[in-house]
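**Student:** Supplied in structure tokens, the structure appears directly below.
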Amino acid sequence: MEPATTPWPAPAAAAAPAAPKAPSVYVHPGRLMAGASAGDFTTVVGSGAAVCVWDPHAGVAGMAHFLLPERGNAPPAHRFGDVGMKQLLDDLKQLGAQAGRLRAALFGGSAPPIAAERGHLGERNVAAAQSFLAANGIAIVQKDVGGSGGRKVIFFPAPGRAEVVRLNG
């Protein structure tokens, strides 16, 4: 007589692996990043400006975080708004963005609590960003600027919105 075999219980159906989380890219001050709009862009900004630009149709986006409005006589570097924002637009166009579809969000431009005069660095950074975007026909659809404290900005390109957390001030 053969020994009885007891079948093992059928294994439970394996759960489908979770889709990998889209990458979160940290954009350091004075830097920029552009790419497919699968993940998010994060930065912490104070008196500098963080400019997020995206083309919802092409699915590309980027962020430039600059510290000074213009380079003047200094060598070109992304820490200058005029250089960084132009490079960001060039990068987005290389990725398939079209000028007429671009949208923007603008953050930063804070001033230290002791700065009471107008025209401080933060205001100049915001003005430079607004001027550049207007000159390129790019609408600003979200903005959180000024004040006296920093901001953590998490920009989600797919829905075209950002979460802003005030850090102090």
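The values are calculated or read from the model by the stated rules, or taken from the named source; none is laboratory data. Since this is a predicted model, take the numbers as computed values, not measurements. Using ideal geometry, Cβ is built from the backbone for each residue, glycine included, and neighbour counts are taken over all protein chains shown.
**Student:** Filter segment 102-111 down to residues that are within 14 Å of Val45 (Cβ to Cβ) and out of contact with any Phe, Trp or Tyr (no Cβ under 7 Å at 6 or more places or on another chain) and give me whichever is modelled with the lowest pLDDT.
**Tutor:** Selected residue: Ala111.
**Student:** Just to verify a result, which residue in segment 117-137, among those that are small (Gly, Ala, Ser) and over 30 Å from Gly100 (Cβ atoms), is farthest from the chain's Cα centre (by Cα)?
**Tutor:** Within segment 117-137, the match that is farthest from the chain's Cα centre (by Cα) is Gly119.
**Student:** Tell me yes or no: at least one residue of segment 149-163 is among the aliphatic types (A, V, I, L, M), under 21 Å from Pro69 (Cα atoms) and out of contact with any helix residue (DSSP H, G or I) (no Cβ under 7 Å at 6 or more places or on another chain).
**Tutor:** Yes, that holds for at least one residue.
**Student:** Against the definition (out of contact with any Asp or Glu (no Cβ under 9 Å at 6 or more places or on another chain), loosely packed, with under 13 Cβ neighbours inside 10 Å and at pLDDT below 95), how does Pro23 come out, yes or no?
**Tutor:** no
**Student:** May I pose another question? Could you please find all residues in segment 121-169 being free of Cβ contacts under 8 Å to residues at least 12 places away in the same chain and closer than 19 Å to Val83 by Cβ?
**Tutor:** Result: Ser131, Ala134, Ala135.
**Student:** Could you count how many residues in segment 137-158 are modelled with pLDDT under 90 and under 25 Å from Ala58 (Cβ atoms)?
**Tutor:** Selection size over segment 137-158: 1.
**Student:** Please count how many residues of segment 117-151 are in contact with a Leu (Cβ under 6 Å, 6 or more places away or on another chain) and surrounded by fewer than 15 Cβ atoms within 10 Å (Cβ to Cβ).
**Tutor:** Qualifying residue count, segment 117-151: 1.
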